[in-house]
Amino acid sequence: MPLHDFAIIESTLREGEQFSTATFSTAQKQRTASLLDQFGVELIEMTSPCASPQSEADIRAIVGMGLNARILTHVRCNREDVLRALDTGVDGIDIVIGTSQQLMTHSHGKDIAQIIDLALDVIAFVREQAPEIMLRFSTEDSFRSRESDLYRVYLAVADTEMVNRLGVADTVGVATPNQVWTLVHHLVRLTGLDIEFHGHNDSGCAIANACAALEAGATHIDTTILGIGERNGITSLGGLIARLYTLNRDYVSKYNLPLLPALDALIAEYCAIEVPFNNIITGASAFIHKAGIHAKAVLADPSTYEVLRPEDFGLTREIAIGHRLTGWNTLRDRAQTLGLAIPDDLIKEVTQVVKQRADTAPLSIAEIDALLHEVSVLTPENIAFSLPEGEGLEVRA
Ligand code: HCA
Ligand code: CU
């Protein structure tokens, strides 16, 4: 399993630009590429120079930054696109052509024999023009393509010995992890080439599919920041990181993980969206523990309910306190944080007060702190403690 030795093809500046609200300025692309480079992604894929004049200029701008990450661009399978891509000075070209019946009919109108002829012609053309450039060939909509068609195309391309990498694309997000594993496994075995996986998330399997691809021997995974892309996007950078980290932290130790929150926040800002509350690692609730029994265990040892350590991503965990599910261990911990020495039985009484009040509305941390401060002034001799008006409870020290 090359799980310790894979590379990320970060496609926020290509697939990500196809997200509904994404239109990155040159400066935004530069900032994104720079942060991705600091994070440590190995490759950055950019929109085709044929998309628009600005797209072409932006590739040149990013190539000119001299990043460690290699810069790729993504083009259709034809000589004109390839020439324009080569002219930008990129390190690699990603060629794609649809092989499913749907795309053969409605996208380019070619049959499999014509696809193979075209692919071989374009690949040979690239090699004539740029013998050393990194070259990838991918079938679009691989998982709705006829298996026999797919293998015909891939084997013909592999036989040229002119491409560095084959790409597998779950363009419409229909593949299951088993299907991905099987296709990648066969391609590794049959061709010995590097294999890239690109997976959409329409049915929620993009991250699992990327992991299955790696388990089957894929060497490259496409990601975007926050998973943005066509429709609901592809494998997210943070999702892939979390998936691999929870298998073995060493798999992702080559990346600068504390930069992930800044990357997610940056793209959320550029796309005028919020980071979703349930986003992997960087969602607002990703490290909030709530129920009393969870909080108690996490306070004793965070690993009881955390498989990702927030501090590895420059984040902190939070224990929610002012709600009806709260527990006295949580309140005791809060009192200790405030430097208040309050006997356990008094803490337990306060906990009951919090629960009762939280049945009506959650308490803010300021209200919790005020309650704790109030009881902390009590000495054991100071028996009676009157609760805020109307609650009718007495807490005894
Ligand atoms: C596209 C389709 C694509 C290509 C993926 C690839 C897909 O927008 O051009 O080149 O590997 O999902 O099939 O993103
Ligand atoms: Cu895609």
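Values in this text are rule-based calculations from the coordinates and carry no lab data. Because the structure is a prediction, the values reported are computed rather than measured. Virtual Cβ from ideal backbone geometry, glycine too; neighbours counted across all protein chains shown.
Computed quantities for the displayed model
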| quantity | calculated |
| --- | --- |
| Extension gain, residue 338 back to residue 68 (0.36 nm per residue minus Cα-Cα distance, nm) | 92.6 nm |
| Net dipole in debye of the chain [+1 Lys, Arg Cβ; -1 Asp, Glu Cβ; about Cα centre; nearest 20] | 280 |
| CD proxy at 222 nm, helix term only [per DSSP H run n ≥ 4: -39500 (n - 2.57); per residue of the chain; nearest 500] | -12500 deg cm²/dmol |
| At least 24 Å along the helix axis (C-alpha) and Kyte average at least 0.0, DSSP helices within the chain | 112-129 |
| Globularity index of segment 116-224, i.e. its alpha-carbon radius of gyration over 2.2 N^0.38 Å | 1.03 |
| Of 301, 250, 117, the one that fluctuates the most in a GNM where the chain has Cα springs shorter than 10 Å | 301 |
| Footprinting exposure proxy for 154, 245, 305 (fewest neighbouring C-beta atoms within 10 Å first) | 305, 245, 154 |
| Cα pair distances of segment 224-367 binned at 5 Å [whole percent] | 2, 9, 16, 18, 15, 12, 11, 10, 6, 2, 1, 0 |
| Radius of gyration and Dmax over the Cα atoms of the chain, both given in Å | 27.1, 93 |
| Calculated FRET value between residue 91 and residue 54, using beta carbons and R₀ = 30 Å, to 0.05 | 0.90 |
| Candidate lysines - alpha carbon under 28 Å from residue 296, same-chain residues fewer than 8 apart omitted | 348, 355 |
| Residue 38-residue 147 pseudo-label distance in nm [points 7 Å out on the Cα-to-Cβ vector] | 4.8 |
| Residue exposure sequence - 12, 47 - by fewest surrounding Cβ within 10 Å | 47, 12 |
| Chain lengthening between residue 325 and residue 301 when straightened (0.36 nm per residue, less Cα-Cα) | 6.7 nm |
| Inter-label distance, nm, simple model (7 Å from Cα along the C-beta direction), residue 108/residue 254 | 3.1 |
| Debye log10 I(q)/I(0) at q = 0.15, 0.21, 0.32 Å⁻¹ for segment 218-259, Cα point scatterers | -0.38, -0.70, -1.14 |
| Sorted largest first, extent of segment 268-334 alpha carbons per principal axis (Å) | 42, 25, 16 |
| Nitroxide proxy distance, nm - points 7 Å out along Cα→Cβ at residue 317 and residue 285 | 1.8 |
